[in-house]
Amino acid sequence: MTRLHGRSIQGPNMRSGGRSGGINRRGFLGAAGAAGAGLAALPASFAHARRTAAPGTARNLIFLVADGMSTGTLTLGDMLSHSLHDRPTTWVDLWSQEGVRRATCATFSANSLVTDSAASASAWNIGERINNEAVNFTPDGRQPRPLWVRTREAGKATGLVTTTRITHATPAGFIANSPRRDLEDDIAGQILARGVDVALGGGSAHFPEAALAAQSNLRVVRSRAELLGLPAGHTPSDGRVLGLFTPDHMHHELDRGADEPSLAEMARAALGILARAPDGFTLMIEGGRVDHGGHDNDAGALLFNQLAFDDALAVATAFARSRNDTLVIVTTDHATANPGLTFYTSRCIKAFERCGHLKRSFEWIRAALNAEASMDARQRRLGPIVEEATGVGLSEDELALVGQSIGGQRIDPFFAANGSLLVLGSVLANHLGVAFASPEHTADFVEVTAFGPGSGALPPMIPITALHGLVVDAMGLPKA
Ligand SMILES: [Zn+2]
């Protein structure tokens, strides 16, 4: 056990802290802040981040977010697309197209080298680093207006599409101000009060019937059929559309039922409506549960959510390519779990092919296990349930390890990698070849890809805050 400055921090990984010996946690964050500030103070090298684009040339903006997408997830998604569909993902295919810009992005927030979705979405929306967990609420208490409030004031129609709750951190970052991301009832109120022309996702639990009934000119749809059944010519002036397809987050793509629209279907429906806005629109499309697959170290949920996101990107790309007035930005808010395919030669190919046969998420496995009446029953059913979900028959040893872990025993030396079904993720690495660094977000640099009017201003390396200025310039928004 290592004790540093009165805080007893258990766990082998602090030994590395031991190597430097002097840093205490507060000092570490101070250093992080200073480093952050140092990095933030490096705008000299980022100065060219705000090269001016021809102002006001983008009539529309489509901002796409694969939440919590590490570079490993992007890579594996592309490999799975080749394996299943014999073609690259739309995202990777963009890279070889004319007029497409790419950047590497540093995502740290104001109080952490490892950010969260709230701080990242806020960085895009107000151009400032704020503390993790806050939504467009600066450490000194200011509440600058998020982008979709400003674009609406500028006469644009607005849209939010996500597979998470529509009140969750990323969509909230485009429309709300909140000291804490988990105040989702209040964020729901802001979505209704501030007005979003098309908002589609989960989270009906945060929208009481009475609050919805009090809205004028609001159409609520609650199923795939209702969404696809919207009047063909619906325009933003015909009324707002709010899609609430599940009480909580929408299902992982692997578990999505016939009554739930896919992200690509929601993107197509939103674009169909917003394209009829007389003065253009701004739309955010989020594959929000890529992150959740990463947190669970669940290769199946992660990769099939990534491909579902890529299908939505294909819809947005086709739309933007059919005209010359739409800026498209596709990125992620931070890396999560850093998965990697890590076997060699034929063993690698065999293992990765198994990923294409994954059928259910860990969320589905968890629900199936929790449906068992006792821990003994759970232990007995573990093998068949995992095999039904993954196509993988675990060995006795592997079943024993996962069984001990769901019984609450610590299995993995890395403290953070215990609990829930994380040990299953580790055991499945033996079969799928995909291993994970952590169940948490990471500090890795992330990918930004952009094309269309204003994208020329994107330099090769940016702080996450730089996308705010790029959007404001490209849309010709009045200064805040
Ligand atoms: Zn996350």
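The values are calculated or read from the model by the stated rules, or taken from the named source; none is laboratory data. These numbers come from a predicted model, not from an experiment. Neighbour counts are summed over all protein chains in view; Cβ atoms, including those assigned to glycine, are modelled from backbone coordinates with ideal geometry. When the accessible area is computed, the model is the full protein with side chains, heavy atoms only, and any ligands, DNA or RNA have been set aside. Shrake-Rupley method; radii C 1.70, N 1.55, O 1.52, S 1.80 Å.
Between 270, 301, the distinction of being away from the ligand (no atom under 16 Å from the Cβ) and either open to solvent by less than 20 Å² (accessible area, probe 1.4 Å) or among the hydrophobic types (A, V, I, L, M, F, W, C) (or both) belongs to 270 only.
Of the residues in the range 185-196, not one is under 23 Å from residue 463 (Cα atoms), modelled with pLDDT of 95 or more and crowded, with 18+ Cβ neighbours inside 10 Å.
What do you reckon, is residue 207 without any contact (Cβ under 8 Å) to a residue 60 or more places away in the chain, touching a strand residue (DSSP E or B) at 6+ places or on another chain (Cβ under 9 Å) and either open to solvent by 70 Å² or more (accessible area, probe 1.4 Å) or closer than 24 Å to residue 147 by Cα (or both)? So residue 207 fits the description; yes.
Put simply, of 426, 438 the only residue that is touching a residue at least 24 places away in the same chain (Cβ under 8 Å) and away from the ligand (no atom under 16 Å from the Cβ) is 426. Screening residue 417 on (1) touching an Asp or Glu at 6+ places or on another chain (Cβ under 8 Å); (2) modelled with pLDDT under 95; (3) crowded, with 19+ Cβ neighbours inside 10 Å shows it passes everything except condition (1).
Checked against (1) within 26 Å of residue 306 (Cβ to Cβ); (2) more than 25 Å from the chain's Cα centre (by Cα), residue 278 passes all but a single condition, namely (1). Against the test of being over 25 Å from residue 431 (Cβ atoms), at pLDDT 95 or above, open to solvent by 20 Å² or more (accessible area, probe 1.4 Å) and among the basic types (Lys, Arg), the options 321, 366, 360, 378 yield a single qualifying residue, 321. Yes or no: the range 144-153 includes at least one residue that is within 21 Å of residue 207 (Cβ to Cβ), in the same structural domain as residue 282 (by TED's automatic domain parsing) and within 21 Å of the chain's Cα centre (by Cα). For the range 144-153, residues within 21 Å of residue 207 (Cβ to Cβ), in the same structural domain as residue 282 (by TED's automatic domain parsing) and within 21 Å of the chain's Cα centre (by Cα): present. For the range 316-337, the count of residues that are assigned to a helix (DSSP H, G or I), within 16 Å of the ligand (Cβ to nearest atom) and in contact (Cβ under 8 Å) with a residue 12 or more places away in the chain is zero. Restricting the range 107-135 to residues that are in contact with an Asp or Glu (Cβ under 9 Å, 6 or more places away or on another chain) and in a loop (DSSP other than H, G, I, E, B) leaves a set whose member that is farthest from the ligand (Cβ to nearest atom) is 110.
Going through the range 233-265 one residue at a time, which ones are under 16 Å from the mean Cα position of the chain (by Cα) and surrounded by 23 or more Cβ atoms within 10 Å (Cβ to Cβ)? The answer is 250, 252, 253, 263.
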